[in-house]
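The values are calculated or read from the model by the stated rules, or taken from the named source; none is laboratory data. This structure is a prediction, so every number in the text was calculated from the model and none was measured. Every residue, glycine among them, receives a Cβ derived from its backbone with ideal geometry; neighbour counts consider all protein chains shown. Protein only, heavy atoms only, side chains kept; ligands, DNA and RNA dropped before computing areas. Shrake-Rupley method; radii C 1.70, N 1.55, O 1.52, S 1.80 Å.
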Amino acid sequence: MGKDYYKILGCEKGANADEIKQAFRKLAHKYHPDKQGGSEAKFKEINEAYQVLGNADKRRQYDQFGATFDQQGGFGGGMNWDDFMRQAREGFSAQGGGGFGNIGFDFGGLDLGDIFGDIFGFNAPASGRRRRPSARRGEDIAIDLQLDFKEAVFGTSREIKLNRKILCPACGGKGKEPGTNFVNCAECGGHGQVTRVQRTFLGTMQTSVTCSKCGGAGKIPEKKCKRCSGIGFVNEVQNLKIEIPAGVNNGDTLELAGHGNAASGGTGSLYVNVFVKPSREFERDGWNIISHKKINAFQAMLGDVIDVETVDGTVELKIPEGTQAGALFRLRGKGVKHGSFRGDQLVEVEVEIPCKLSRKARQLLKEINDELI
């Protein structure tokens, strides 16, 4: 039978027209060569299949005789692949005397503007619809913030100066002088789009594009705001107090929603990248803090009560008799805060052995050693 067009579109042979159309639409989005991961060869193939299965007469002929009739590259009407892609990238319109409807294309009633508008970024009023450009959210802002070890453990607050775009306070983001109105854009007549007509060897082609003067809104200020020159936004340096939660760690990123740049579609976020300066006294292990404490050999053998530094201040630690080098002692609740929970501090004991001894000290230690043996 030649090519299996049903298999190419992923449809059963008994699929109805809507199922055929839906399959083509899905694959056209997926394999369009101008999209990342697209395939020109695959796109040609699915278009060829739809040219047959999307046309009732051609589909009957295909079901009866197979793919033995000339499809002219899958488009019919003499238009080759390069012509199709060139016109696709310039935009499609089926209004008036232009568009696919008048140059021999048969897409089974499928609105190509719905498919290729997303790919090429134009608005196609083929079915009488006029699409407004979607409002875009404001850009995010990222800053770096350095903390010391204790600030990260307990949390803190910082005041920063932030240069960001905000809604114009004079016009509230509308872009017009207070007390004035909006009027229809003279460039597009209030439609938000302008239509360009091109004459090609295939006939008249109409391209509908977003109006550059009003940005697709269809309206412009009667009198532009003096503060923002009609843009609706201004740059301003603001003092912002940032609350840093307890337990934040080196490399963490905090998001402050609504503190980025403003735009018509909403305000972006402020991202705070946290860097914690290393501490000479402490190390962090999850929610626990590790420190090291030196004691002498007699303290290790006889036991003692020593002072230990914590992030809360100095506390006493009891060293039992016979403590070995490397022993760990736990100070509960002296670690990193995490909500109502708090980790511990682990104190590792290092036993110092003196390098130089007096003659008397050496003799005493020798006597003690002989007694232990």
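Of everything in region 1-29 that is more than 15 Å from Ala56 (Cα to Cα), among the charged types (D, E, K, R) and within 35 Å of the chain's Cα centre (by Cα), the residue that is most open to solvent (accessible area, probe 1.4 Å) is Lys26.
Pairing residues of region 354-373 that are closer than 18 Å to Ala300 by Cα with residues that are surrounded by 10 or more Cβ atoms within 10 Å (Cβ to Cβ) and at pLDDT 85 or above, at Cβ distances under 8 Å and at least 6 apart in sequence or on separate chains, gives Pro354/Asn296; Pro354/Ala297. Given the condition touching an Asp or Glu at 6+ places or on another chain (Cβ under 9 Å) and modelled with pLDDT under 85, answer yes or no: does some residue in region 7-17 qualify? No, region 7-17 contains no residue that is touching an Asp or Glu at 6+ places or on another chain (Cβ under 9 Å) and modelled with pLDDT under 85. Do you know which residues across region 49-83 are under 40 Å from the mean Cα position of the chain (by Cα) and modelled with pLDDT of 50 or more? Scanning region 49-83 gives Ala49, Tyr50, Gln51, Leu53, Gly54, Asn80, Trp81, Asp82, Asp83. Of the numbered criteria (1) without any contact (Cβ under 8 Å) to a residue 40 or more places away in the chain; (2) within 22 Å of Gly247 (Cα to Cα); (3) basic (Lys, Arg), the one Lys277 fails is (1).
The residues of region 202-246 that are touching a residue at least 60 places away in the same chain (Cβ under 8 Å), closer than 23 Å to His191 by Cα, surrounded by fewer than 18 Cβ atoms within 10 Å (Cβ to Cβ) and over 30 Å from the mean Cα position of the chain (by Cα) amount to a single one, Thr204. Looking at region 30-46 only, could you name the residues that are in contact with a Leu (Cβ under 9 Å, 6 or more places away or on another chain) and open to solvent by less than 50 Å² (accessible area, probe 1.4 Å)? Result: Phe43, Ile46.
Assessment of region 162-173 against the conditions (crowded, with 17+ Cβ neighbours inside 10 Å, at pLDDT 85 or above and among the charged types (D, E, K, R)) yields at least one matching residue.
In summary, strands (runs of 3 or more DSSP E) completely within region 261-373 and bearing 1 or more residues that are touching a helix residue (DSSP H, G or I) at 6+ places or on another chain (Cβ under 8 Å) and open to solvent by less than 30 Å² (accessible area, probe 1.4 Å) occur at 269-276, 288-296, 304-310, 313-319, 345-352. In the set (1) surrounded by fewer than 13 Cβ atoms within 10 Å (Cβ to Cβ); (2) at pLDDT 90 or above, Arg199 fails one condition alone, (2).
Within region 151-206, the residues that satisfy the criterion of being part of a strand (DSSP E or B) and within 30 Å of Pro278 (Cβ to Cβ) are Thr156, Ser157, Arg158, Glu159, Ile160, Lys161, Leu162.
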